[in-house]
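Worksheet: one structure, shown below.
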Amino acid sequence: MGVVNHLPTRRELLVGSGALFAWSQMPRIARAEGRDPRLLVIVLRGALDGLGAVAPVGDPDWISLRGDRALVLDGKPPVLPLDAFFALNPAMPNLHRLYKSGKAAIIHATATPYRERSHFDGQDVLESGLVKPGMTSSGWLNRALLALESGGPVDPRGSRALGIGSVTPLVVRGSAPVMTWVPQRLLPASEDTQNRLLDLYQHTDPKLASVLQARMRLASLGGAPGVGDPMSDDPTLAPPGIARVRAYFAEAAGTAARYLAKPDGPRVGAMGFVGWDTHIAEGAASGQLYNLLGALDGAFAAIESNMGEAWRETVVAVVTEFGRTARINGTQGTDHGTGTVAFLIGGGLSGGRVIADWPGLKPAQLFEDRDLKPTTDLRAVLKGLLRDHLRVEEKVLAETVFPGSADVKPMGGLVG
Amino acid sequence: MSSSAKAEAVIALHRFGMGPRPGSIAALGTDPRGALIAELDRPLVLNAAASLPSSAKAYRTVADANARRAARAKQAQQQAKKQQVAATPTMSEDQTQGQGADKDAAEMAAKQAADAIPDPGRPIYLQEAKVRTEAALSADIGFAERLVWFWSNHFCVSANKIRSMSGAYEREAVRANALGRFVDLLLAVEGHPAMLFYLDNLGSMGANSIAGINRSRGLNENIAREIMELHTLGVRTGYTQDDVISFANVLTGWTLVPPGDNPEHGGEFTFNPRLHEPGGQTVLGKRYEQEDVEQGRAVLRDLAANPATATHVATKLARHFVADEPPPVLIEQMAKTFRDTEGDLKQVAIAMVSSDEAWREPTSKLKRPSEWGVGVVRATGITTVDPVRFTGGLELLGEALWRPSAPKGYPDDEASWIDGVGRRLDIANNFAESVAATADPQAIIEDVFGSEIAPEVKQAVGRAESRQQALALLFMSADFQRR
């Protein structure tokens, strides 16, 4: 062999670099700067109703748009004011607190470049970072990590991405190695899935329908004695399944935070939460959406506390594939729409703001007379975070991470 | 491929096979019936079977572990007692209590020592489950595999009692004869140590046998009754309690070689004349004068040839494959084939799929959990399983592999399974989550079902909020659960 040293393979380095070399897993430049940033992406699958989450209570057309389902300042319960124009869903006191202390920002009337109404394709565009669905099997967060590696600012030995859940979200899939963690808790089929299945059975198989109906009735009785209609709007009659959903969200997000907080742990991660497709009985003020937002708010608390010291260098981006219709539909829900909100939280954030180029809610101001018109390209937000938080070069962002996005300028000033 | 050929291929795969796999509908071509029949000509071998122990070997392995375990336990117990004696030089006031505690400690030490030797039965069971399930997952159609499953359930044993042997039993006795003659299948299963063990015949002895004269134990009627009631004639077909007793006497001596006595053949079938009731016996009006194992074989041959058996078997087969209430015409066609061919099971299966009646029934049968589970996995193109998860899933759904609660086996009617559909949703949801990254619900509808699926299902899948939800809805659809 002579004097030629054996060059360790990438795999050996991954296996071999244990706690002893933990320092080597931190980005070089970041270390030089004394920074060690973390980025967690949470994908809300099913398309979040941005107007049900963050209500434009100052818009003169708001009440007429949503009628008695509109969130209002003197509602029951009252919404949580953010500024003179926007107010937060009452299910999210943690987010409100973070916002007030400048550690949360909300982007409104935002969307990816996708303008159709398929969940699958919408999620594909959101997570792949491309303008059209189905064109790649890697996600923008993974490619961002890879770009950091090859560009040098991050030591390749440590650059793993974290995927939470038995399905690794597309956004972190790709050539950079991904470590995954699957929550112990099994998330039951969501209320929404059960309702859809029941609907399907009612059209195709009455016997299976009656069995499923009996199960759903039993579940609602078993979880909370005396509770009647699980679709009720009374929050004290929240379906018992939501307790499991809350626990699942908190466990999954809390665990992600613990991994990201480790000195030798991964620095970027992603996870998905399901259940946001609220066609029927959306219940923004008290009901399905209210419960889910509450569970998400609980997940925020779990992240904040489990991040520990690392919280101050953390940014969490909560995104969804598209929004929902501006108006309430015939079954007290909303259908697939376009513009929505994104939440940013974290100790590293320069927040306390709702960032929106508000399009208005008059029929002519809506997208296709249906949806909140998107005025902020979500890629601008994500590129801003990647550039200023992880220090990915702008050119790489435009060409590799979000290909073809040169004209979408990174949003500045998000992290401080 | 015409849409009617496609529709018939879908029925062929669901009703008679293990469910469609990617490309399987096209592979069936224009003659699904012919394809089903052609599959019966291929040898029913398990590729991975060579790596599995025979039932006798499995039995010896477990017996050996049990013996070592007992020895280890005894040793530990004695040691614990010795130590206690040494540590208690004088008697104390609370002597009784102290002794009780000592006894507990000794027992605990014994148990711990025994537990240190793991039970080899579980890994054998899991390996058998894996090989069997993967055969079903990778079969082209799976008609022949379904017949193995059917006969295995018809002649069930329970792994609760004989875990290590249950897979080997199926391979050795059932699989080897599932497409042969019923009489050979019957002789193989009733003479298999697993069945003799399961239905309590190992120690059954005639009152006048050499062993019986000296012992208080005696005859066990269990296997004789179940053979007539469940395996051959069917319940209430004219046999009497006297027939059961006579037949039980006929079967005395059917046992296995004790593993301790014979390291080479322990666990294999043997006829032990010392247990056998001497003399002739009358079963169903016929006298059997043979003096040995041939007496039992003769009765079994006659039971196999009894017309009631033909009807019983034909009815069960038709109920399993075609409908909870199968068309009488179909049953009669199959029973007639059984009688005409002296119980040629391949011909009976061919008679079933050749009958228009078997194809005309609406797809109203609810798949059993095992059929549904394998069908769901097949649809994703996956051909390997984690046996711990798979058997665990089946257990949750109420159809634990090789572990029915009674010799009757698992039932075939909708009423027995429909209440478990809610549980299927949990399983479907979790499986959907685990495959959502690779399984495309639209592709399954197109490639696997050839679009032969209810438009409502297509719509629900298209509108689902995630791939996971789409897959869960698809797996739970009536198109996936009924056949």
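The values are calculated or read from the model by the stated rules, or taken from the named source; none is laboratory data. Bear in mind that the values here come from a model prediction, so they are computed numbers and not experimental data. Every residue, glycine as well, gets a Cβ built from its backbone with ideal geometry; the counts of neighbours run over all protein chains shown. Just so you know, the surface numbers come from the protein's heavy atoms only, side chains and all, with ligands and any DNA or RNA stripped out. Shrake-Rupley method; radii C 1.70, N 1.55, O 1.52, S 1.80 Å.
Figures for the structure shown
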| read-out | value |
| --- | --- |
| Subset tally (residues that are among the hydrophobic types (A, V, I, L, M, F, W, C) and open to solvent by 30 Å² or more (accessible area, probe 1.4 Å)) for segment A:66-84 | 4 |
| Yes/no for A:Asp229 being modelled with pLDDT of 85 or more and either within 27 Å of A:Leu170 (Cα to Cα) or assigned to a loop (DSSP other than H, G, I, E, B) (or both) | no |
| Considering residues of segment A:85-102 that are touching a residue at least 24 places away in the same chain (Cβ under 8 Å) and not in a loop (DSSP other than H, G, I, E, B) only, the residue most open to solvent (accessible area, probe 1.4 Å) | A:Lys100 |
| Which numbered condition B:Glu371 fails, given (1) open to solvent by 20 Å² or more (accessible area, probe 1.4 Å); (2) of a type in the set (Asp, Glu); (3) within 30 Å of B:Val421 (Cβ to Cβ) | (1) |
| Selection status of B:Phe431, modelled with pLDDT under 95 and away from every other protein chain (no Cβ under 14 Å) | no |
| Residue count for segment B:451-483, restricted to those that are more than 21 Å from A:Gly122 (Cβ to Cβ) and open to solvent by less than 10 Å² (accessible area, probe 1.4 Å) | 7 |
| Residue check for B:Ala379: in contact with a Leu (Cβ under 7 Å, 6 or more places away or on another chain), at pLDDT 95 or above and either open to solvent by less than 30 Å² (accessible area, probe 1.4 Å) or closer than 26 Å to B:Ile453 by Cα (or both) | no |
| A:Leu148 assigned to a helix (DSSP H, G or I), crowded, with 23+ Cβ neighbours inside 10 Å, at pLDDT below 95 and not aromatic (Phe, Trp, Tyr) | yes |
| Residue list for segment B:407-428, filter: surrounded by fewer than 18 Cβ atoms within 10 Å (Cβ to Cβ), within 8 Å of chain A (Cβ to nearest Cβ) and touching a residue at least 40 places away in the same chain (Cβ under 8 Å) | B:Glu414, B:Ile418 |
| Residue tally, condition under 14 Å from A:Arg117 (Cβ atoms) and open to solvent by less than 80 Å² (accessible area, probe 1.4 Å), over segment A:356-371 | 2 |
| Residues being at pLDDT 80 or above and either part of a loop (DSSP other than H, G, I, E, B) or touching a helix residue (DSSP H, G or I) at 6+ places or on another chain (Cβ under 6 Å) (or both) - total across segment B:60-101 | 8 |
| Selection within segment B:436-473 - more than 8 Å from chain A (Cβ to nearest Cβ) and among the acidic types (Asp, Glu) | B:Asp440, B:Glu446, B:Asp447, B:Glu452 |
| Residue list for segment A:81-104, filter: under 20 Å from A:Met271 (Cα atoms) and aliphatic (A, V, I, L, M) | A:Met92, A:Leu95, A:Ala104 |
| Leading residue by the ranking (farthest from the chain's Cα centre (by Cα)) among those in segment A:195-218 that are at the interface with chain B (Cβ under 7 Å from one of its Cβ atoms), part of a helix (DSSP H, G or I) and within 18 Å of B:Gly420 (Cβ to Cβ) | A:Lys207 |
| Of the criteria (1) among the β-branched types (Val, Ile, Thr); (2) part of a strand (DSSP E or B); (3) open to solvent by 20 Å² or more (accessible area, probe 1.4 Å), which one A:Val341 fails | (3) |
| So A:Leu260, is it among the aliphatic types (A, V, I, L, M), touching an Asp or Glu at 6+ places or on another chain (Cβ under 6 Å), assigned to a helix (DSSP H, G or I) and open to solvent by less than 20 Å² (accessible area, probe 1.4 Å) | no |
| Among the residues listed as B:Ala211, B:Ala207, B:Ala173, the single one being in a loop (DSSP other than H, G, I, E, B) and either modelled with pLDDT under 95 or under 16 Å from B:Tyr59 (Cα atoms) (or both) | B:Ala207 |
| Qualifying positions in segment B:259-271 - in contact (Cβ under 8 Å) with a residue 60 or more places away in the chain and open to solvent by 20 Å² or more (accessible area, probe 1.4 Å) | B:Pro259, B:Gly260, B:Pro263, B:His265, B:Glu268, B:Phe269 |
| Number of the condition not met by A:Arg324 [criteria: (1) open to solvent by 10 Å² or more (accessible area, probe 1.4 Å); (2) within 13 Å of chain B (Cβ to nearest Cβ)] | (1) |
| Test result for B:Thr391, open to solvent by 10 Å² or more (accessible area, probe 1.4 Å), closer than 30 Å to B:Ala176 by Cα, among the hydroxyl-bearing types (Ser, Thr, Tyr) and assigned to a loop (DSSP other than H, G, I, E, B) | no |
| Search result, residues across segment B:234-258 that are surrounded by fewer than 22 Cβ atoms within 10 Å (Cβ to Cβ) and not hydroxyl-bearing (Ser, Thr, Tyr) | B:Gly234, B:Val235, B:Arg236, B:Gly238, B:Gln241, B:Asp242, B:Asp243, B:Val244, B:Ile245, B:Val257, B:Pro258 |
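Matching residues to (1) of a type outside the set (Val, Ile, Thr); (2) within 14 Å of chain A (Cβ to nearest Cβ); (3) more than 19 Å from the chain's Cα centre (by Cα):
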position: B:Met352; (1), (2), (3): yes, no, yes
position: B:Ser364; (1), (2), (3): yes, yes, yes
position: B:Trp372; (1), (2), (3): yes, yes, no
position: B:Arg378; (1), (2), (3): yes, no, yes
position: B:Pro387; (1), (2), (3): yes, no, no
position: B:Gly392; (1), (2), (3): yes, yes, no
position: B:Glu395; (1), (2), (3): yes, no, no
position: B:Leu401; (1), (2), (3): yes, no, no
position: B:Ser405; (1), (2), (3): yes, no, no
